[in-house]
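J.: Here you go, one structure.
The values are calculated or read from the model by the stated rules, or taken from the named source; none is laboratory data. Just so it is clear, the structure is predicted and the values come from calculations on it, not from any experiment. Note: ideal-geometry Cβ built from the backbone for every residue, glycine included; neighbour counts use all protein chains shown. Accessible surface areas use protein heavy atoms only, side chains included; no ligands, DNA or RNA. Shrake-Rupley method; radii C 1.70, N 1.55, O 1.52, S 1.80 Å.
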Amino acid sequence: MSAPAKQLKTLSRDEVAKHNKPGDLWIIIDAKVYDVSKFAALHPGGLAVLLDQDVAGQDATDVFYQLHRHEVLLKPAYARLQIGVLENEDPEVKAHSPGELSNVPYAEPTWLTPGFSSPYYKESHKALQKAIRKFTDEIIVPDAQAREEDGKRISQSVLDAMAELNIHAMRLGPGKHLKGLKLMGGVVKPEEFDYFHELIVTQELMRGKARGYADGMLGGMVIGLPPVLNFGSEKLKQEIVPQVFAGKKFISLAISEAFAGSDVAGLRCTATKTEDGKHFIVNGTKKWITNGTFSDYFTVGCRTDGGLTVLLIPRGEGVETTQIKTSYSTTAGTAYITFDNVKVPVENILGKENDGLRVILSNFNHERWVMCCGAVKSQRAVVEECFKWASQRKVFGKPLMAQAVIRAKMANMISRVEAAQNWLENVTHQMNNMSYKEQSAKIAGQIGLLKRFITSTGQETAQDAVQIFGGRGITKTGMGKFIQHYYVTVPFDALLGGAEDVLGDLGVRQAMRQMPKTARL
């Protein structure tokens, strides 16, 4: 049986003001009265802060929100300190409820902003967004913050919950793999699921504000399973795909090496066919492989006699993985992999022998587009954090937002994220109206340019956000913890899936091929 609800007193401001000394200390925060008499000695900021004449027995709302996030008041240890409410006054600050939209300007994309419309989103998109946001807020966000901190793999209970709603399958976009599945409880039918539905799934899952966890949340599957779906044999697909979608087995894309990153053609990992032609013997290394430490399967780019070949290699004898510590959490499972005389059946070829470059390159479009979706969402979250902070932080007797230089930074941040979202939606619309082959021919370059734009502007936004938050923006805890985290981890987006300079060059080179010979100034 749960304990009875605590009876709160109704108090006047005059009554509260009488309790203003050590051992008898009350404060007001947003029309709620807290007895901090016993807590005062344990206050992390020291007793003097609570005894300040503007705090002890007074309305400390402004002071509190310049020092603490609202979530502090929701923690049981602090919530129990509340003894009453102010008479004839109601709280102004509203805690976020799971699934609800933010009313902070530009915290949501235009299509989710009341009073605005979009030609891209239908009712099924809105229903999916509503359902997956509630799921993310309730199931993923708590686990994301915990795992980002302790570095452990995403909780199996979360993976199971995602699998039950077929979220893992939805993260690979529209296609035959969705046939017969009940998506997110039935809010969208498999046959109507499009890239805008996938965009919604990807962006909502980023609400955990934990970059390492975002990749640890089976980011390896998102980029490592499509080659199996698109180029694997029916036998391989039947063996591998159901286990991965169920969250019981894990897969990684293993392309990058210490010797070759964006230079895919420079791979040195070798696959030599045995004399009987039934197996490949794989030797070499792979580096910076997302989810590699806990993956059961690896989609591996190898050098063969006539070019490159992609093989699906299960974890087994000769396969060793070692954790790589990067600037984000080890929950991502970033690995260094060694293949030492690993015997792989020829049936595990994805695509055709020596045609691996085509398999690898065809996978890049979706990988980079997914990264664009997530990166825009992360950038928008920073805009929301800055809008809140600049409105509640007081400097020189006024809100921080009263400073013109801060408004200028906010204007730049808003302009970047809105431009990025709109370009992303335009590209997504083209993807919905192109075949997989057409996407490679027509918008591979544009996706490269889009990713370059989003990641470069993201780093500019990170710098502006740190300036707005000041010292809090470089502190791992407290008011600026998400800003500090974004500032440290945003370079990942600029490197994974292709460095900015490489993608910019790709975009221009593809455009050059379309340049008409008849065009002159």
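J.: Pairs needed: first member in segment 186-197, of a type in the set (Ser, Thr, Tyr); second member anywhere, open to solvent by less than 30 Å² (accessible area, probe 1.4 Å) and at pLDDT 95 or above; C-beta distance under 7 Å; at least 6 residues apart or different chains.
T.: TYR195/GLY173; TYR195/THR428; TYR195/MET431
J.: Report the residue count in segment 180-196 for those that are more than 21 Å from MET434 (Cβ to Cβ) and part of a loop (DSSP other than H, G, I, E, B).
T.: 5
J.: Considering only segment 133-149, state which residues are over 14 Å from the mean Cα position of the chain (by Cα) and in contact (Cβ under 8 Å) with a residue 12 or more places away in the chain.
T.: Result: LYS134, PHE135, GLU138, ILE139, GLU149.
J.: Another question, if that's okay. Can you confirm whether GLY478 is open to solvent by 30 Å² or more (accessible area, probe 1.4 Å) and on the phi > 0 side of the Ramachandran plot?
T.: Details: open to solvent by 30 Å² or more (accessible area, probe 1.4 Å): yes; on the phi > 0 side of the Ramachandran plot: yes.
The answer is yes for GLY478.
J.: In segment 67-123, how many residues are open to solvent by less than 60 Å² (accessible area, probe 1.4 Å) and in contact with a strand residue (DSSP E or B) (Cβ under 6 Å, 6 or more places away or on another chain)?
T.: 5
J.: Residue by residue through segment 1-58, note down the ones that are assigned to a strand (DSSP E or B) and crowded, with 16+ Cβ neighbours inside 10 Å. Break it down stepwise before answering.
T.: Taking segment 1-58 and keeping what is assigned to a strand (DSSP E or B), we get 9-11, 20-21, 24-29, 32-35.
Those that are assigned to a strand (DSSP E or B) and crowded, with 16+ Cβ neighbours inside 10 Å: LEU11, ASN20, LEU25, TRP26, ILE27, ILE28, ILE29, LYS32, VAL33, TYR34, ASP35.
J.: Somewhere in segment 242-261, is a residue open to solvent by 30 Å² or more (accessible area, probe 1.4 Å), modelled with pLDDT under 95, touching a strand residue (DSSP E or B) at 6+ places or on another chain (Cβ under 9 Å) and over 18 Å from THR321 (Cα atoms)? Even if it seems obvious, please write down each step before you answer.
T.: Of all residues in segment 242-261, those open to solvent by 30 Å² or more (accessible area, probe 1.4 Å) come to 242-243, 246, 248-249, 256, 258-259, 261.
Now restrict to residues that are modelled with pLDDT under 95: 256, 258-259, 261.
If we keep only those that are touching a strand residue (DSSP E or B) at 6+ places or on another chain (Cβ under 9 Å) as well, we get 256, 258-259, 261.
Checking which are over 18 Å from THR321 (Cα atoms) leaves us with 261.
Within segment 242-261 (the criterion being open to solvent by 30 Å² or more (accessible area, probe 1.4 Å), modelled with pLDDT under 95, touching a strand residue (DSSP E or B) at 6+ places or on another chain (Cβ under 9 Å) and over 18 Å from THR321 (Cα atoms)), the answer is yes, since at least one residue qualifies.
J.: Please go through segment 68-92 and give me each residue that is within 20 Å of VAL382 (Cα to Cα) and not basic (Lys, Arg), ordered by number.
T.: As a first pass, look at segment 68-92 and keep what is within 20 Å of VAL382 (Cα to Cα): 68-72.
Matches in segment 68-92: HIS68, HIS70, GLU71, VAL72.
J.: Going by the conditions given, is ASN412 within 15 Å of GLN446 (Cβ to Cβ), open to solvent by 60 Å² or more (accessible area, probe 1.4 Å) and outside any loop (DSSP other than H, G, I, E, B)? Before the answer, list the steps.
T.: Numbers: within 15 Å of GLN446 (Cβ to Cβ): no; open to solvent by 60 Å² or more (accessible area, probe 1.4 Å): yes; outside any loop (DSSP other than H, G, I, E, B): yes.
Spelling it out, it is not the case that ASN412 is within 15 Å of GLN446 (Cβ to Cβ), open to solvent by 60 Å² or more (accessible area, probe 1.4 Å) and outside any loop (DSSP other than H, G, I, E, B).
J.: Please enumerate the residues belonging to segment 445-475 that are more than 19 Å from PHE387 (Cα to Cα) and buried (at least 19 other Cβ atoms within 10 Å of the Cβ). Before the answer, list the steps.
T.: In the first step, residues of segment 445-475 are kept if they are more than 19 Å from PHE387 (Cα to Cα); the result is 445-456.
Across segment 445-475, the qualifying residues are GLY445, GLN446, ILE447, GLY448, LEU449, LEU450, LYS451, ARG452, PHE453, ILE454, THR455.
J.: Still on this model: Could you check segment 124-169 and list, in sequence order, the residues that are open to solvent by 40 Å² or more (accessible area, probe 1.4 Å) and among the hydroxyl-bearing types (Ser, Thr, Tyr)?
T.: Within segment 124-169, just SER157 meets the criteria.
J.: Name the residue that is nearest to GLN467 (Cα to Cα), counting only residues in segment 371-397 that are assigned to a helix (DSSP H, G or I), open to solvent by 30 Å² or more (accessible area, probe 1.4 Å) and touching a Pro at 6+ places or on another chain (Cβ under 8 Å).
T.: Of everything passing the filter in segment 371-397, PHE387 is nearest to GLN467 (Cα to Cα).
J.: Let me ask another. For the structure I just gave you, tell me whether THR331 is under 24 Å from the mean Cα position of the chain (by Cα), polar (S, T, N, Q) and assigned to a helix (DSSP H, G or I).
T.: Values: under 24 Å from the mean Cα position of the chain (by Cα): yes; polar (S, T, N, Q): yes; assigned to a helix (DSSP H, G or I): yes.
When the stated conditions are applied, THR331 passes them.
J.: Could we say that VAL344 is in a helix (DSSP H, G or I), in contact with a Leu (Cβ under 7 Å, 6 or more places away or on another chain) and either open to solvent by less than 40 Å² (accessible area, probe 1.4 Å) or more than 9 Å from VAL310 (Cα to Cα) (or both) here? Steps first, please.
T.: Details: in a helix (DSSP H, G or I): no; in contact with a Leu (Cβ under 7 Å, 6 or more places away or on another chain): yes; either open to solvent by less than 40 Å² (accessible area, probe 1.4 Å) or more than 9 Å from VAL310 (Cα to Cα) (or both): yes.
The answer is no for VAL344.
J.: Still on this structure, I have one more. From the list THR309, THR334, THR304, THR330, exactly one residue is of a type in the set (S, T, N, Q) and in contact with a Phe, Trp or Tyr (Cβ under 7 Å, 6 or more places away or on another chain). Which is it? First the steps, then the outcome.
T.: On the way: THR309 fails: in contact with a Phe, Trp or Tyr (Cβ under 7 Å, 6 or more places away or on another chain); THR304 fails: in contact with a Phe, Trp or Tyr (Cβ under 7 Å, 6 or more places away or on another chain); THR330 fails: in contact with a Phe, Trp or Tyr (Cβ under 7 Å, 6 or more places away or on another chain).
Exactly one of THR309, THR334, THR304, THR330 is of a type in the set (S, T, N, Q) and in contact with a Phe, Trp or Tyr (Cβ under 7 Å, 6 or more places away or on another chain), namely THR334.
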